[in-house]
Each structure stands twice: as structure tokens, then as C-alpha cells.
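> Provided herewith is a single structure, encoded as C-alpha cells, for subsequent inquiry.
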Amino acid sequence: MIWDWSYAIAIMPRLAEASLVTLAATVCGFAVAAALGLVLAILGSQRNKLISIPVMSFIEFIRSTPLLIQLFALYYFLPLWGVTMPAFMCGVTALGVHYATYCAEVYRAGLENVPRGQWEAARALNMSPVTTYVRIVLPQAIPPVILPLGNYLVAMFKETPVLLAITVIELVATARIIGNDTFRYTEPITLAGAAFLIFSIITATAVRWLDRRVKARWLP
């Protein structure tokens with residue numbers, strides 16, 4: 001038989017458990033990417049070249065090197081300098097930092113779309129930089145970039161299989177292990193692919209809903 005339903009049902013609990021690892025890595029990694037990306041975007045847009053040039057150089061370096069190499073560097077090279085992290089934390093850090101550089105470019109586009117008059121008005125009112133960003137700039141810059149950020153969330157979810165390289169057993173790795181144990185790959189690989197598809201559709205739908213809600217509330 002090409003497809004065995006009894007076998008597929010039997011392996012679903014293991015795949016469901018592994019999917020929690022995939023989801024956790026995605027959620028934690030994207031939280032790091034969203035927060036760090038905003039910080040990088042703000043620092044990279046500063047007029048002070050001593051701040052903006054190193055930040056932009058860091059962004060370009062991370063964007064121009066493969067995620068897998070960065071993952072190996074964190075997991076295998078940092079311990080040589082006495083810095084060690086559990087495999088899962090290392091994977092989340094690598095995903096977060098890598099995608100933070102992409103999110104930073106998205107945020108930067110949103111910041112640049114805020115009219116200069118808004119910045120000048122805040123400066124004329126003697127608002128602090130923190131108050132200007134929190135109360136004036138970010139409420140206008142964030143809503144237009146929700147959809148691009150959501151795209152990176154889905155992309156990150158699909159990148160989680162690379163964590164197998166540092167022994168993080170997520171959904172695809174579990175499907176491969178099950179296939180190696182039983183010599184049946186059709187069911188586990190298909191179910192893993194279906195899980196990725198379902199998550200991507202749910203996430204894309206949720207991001208579009210959030211985009212509509214936020215724009216309706218914050219934008220004129």
C-alpha cells in the first residue's frame with residue numbers, strides 16, 4: 001500500500017509532540033527577531049555615523065551569510081570562548097538574530113514613511129527621543145509593515161528544520177527518524193508537510209486579520 005491509515009494515525013502523537021518544538025522555536029525566534037529588528041532599525045537610522053554604520057554593517061553581514069553557518073558558529077564556536085547554550089536556545093538565538101536583520105529593513109521602511117513634519121513637530125515640542133518614538137513615530141510606522149513581518153514569521157517556521165544540524169529534534173527531524181525506523185517515509189513526511197501547510201495558512205490568515213484591525217484603529 002502507498003498509504004497506510006493505521007500507520008499514519010499511530011505516528012500522529014509523536015509528530016504532534018514534535019510540532020510543539022517547531023512552534024516553540026518559531027514563536028520564541030520571532031519574538032527575538034521582532035524586538036531586535038526594531039532596535040536595529042532605530043539605531044541604523046540615527047544620524048550619528050558612529051552608531052548607524054556599525055549597525056548597518058552588522059545587518060549586511062548577517063543577511064549575506066547563510067543561516068546554517070550562523071547556527072554552527074553559535075553552537076560550535078562560542079564554547080571555545082567559554083559561552084555555551086542549550087541546543088534549543090542556540091537555535092532560537094540564531095533564528096532570531098538572522099531574521100531580525102530582515103525585520104530591521106521592514107521597520108526602517110516604515111520609519112521612513114513617517115512624514116518628516118511629525119519628527120520636527122515632536123522636536124519643537126521638546127519631546128524626548130523615547131517619547132517621540134513611542135507616542136508619535138511607531139504608531140504610524142508599525143501598522144503598514146505588519147504584513148511583511150507576518151511573511152517573515154511564516155518563512156521562519158519553514159526554516160526550523162535546519163535546527164536538526166545542532167540536534168534539535170523538531171517536526172521534520174521526527175518524521176525522518178520515524179521513516180528511518182520503519183522504512184516508511186510517505187506517511188510521516190506527508191503529515192509533516194501537511195502540518196507546515198496548515199500552520200502557514202492559519203498564520204497568514206491571522207496576520208491579515210491583525211493587519212486590518214490595526215490599520216482600522218491606528219491609521220486614518
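The values are calculated or read from the model by the stated rules, or taken from the named source; none is laboratory data. All values derive from a computational prediction rather than experimental measurement. Note: ideal-geometry Cβ built from the backbone for every residue, glycine included; neighbour counts use all protein chains shown.
> Where the second residue is assigned to a loop (DSSP other than H, G, I, E, B) and the first is over 16 Å from Val21 (Cα atoms) and lies in the stretch 164-186, which pairs have Cβ atoms under 7 Å and are six or more apart or on separate chains?
Filtered contacts from the stretch 164-186: Gly179/Tyr185; Thr186/Ile2; Thr186/Trp3.
> Which count do you get for residues in the stretch 75-102 that are touching a helix residue (DSSP H, G or I) at 6+ places or on another chain (Cβ under 6 Å) and surrounded by fewer than 19 Cβ atoms within 10 Å (Cβ to Cβ)?
1
> Something else: If you go through the stretch 176-192 one residue at a time, how many are over 28 Å from the mean Cα position of the chain (by Cα) and not polar (S, T, N, Q)?
Of the residues in that region, 6 qualify.
> For the stretch 133-146, how many residues are surrounded by fewer than 15 Cβ atoms within 10 Å (Cβ to Cβ) and in contact (Cβ under 8 Å) with a residue 60 or more places away in the chain?
So the answer is 0.
Every residue, every condition in (1) surrounded by 15 or more Cβ atoms within 10 Å (Cβ to Cβ); (2) under 21 Å from Phe61 (Cα atoms), yes or no:
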site: Ala104; (1), (2): yes, yes
site: Arg108; (1), (2): yes, yes
site: Glu112; (1), (2): no, no
site: Glu120; (1), (2): no, no
site: Ala124; (1), (2): no, no
site: Thr131; (1), (2): no, no
site: Glu159; (1), (2): yes, yes
site: Ile177; (1), (2): yes, no
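> Also, quick follow-up: Is there any pair with a first residue in the stretch 35-55 that is in a loop (DSSP other than H, G, I, E, B) and modelled with pLDDT of 95 or more and a second that is of a type outside the set (Val, Ile, Thr) and surrounded by fewer than 13 Cβ atoms within 10 Å (Cβ to Cβ) whose Cβ atoms are under 6 Å apart and which are 6 or more apart or on different chains, and what are they?
That search, which allows pairs on different chains as well, returns nothing.
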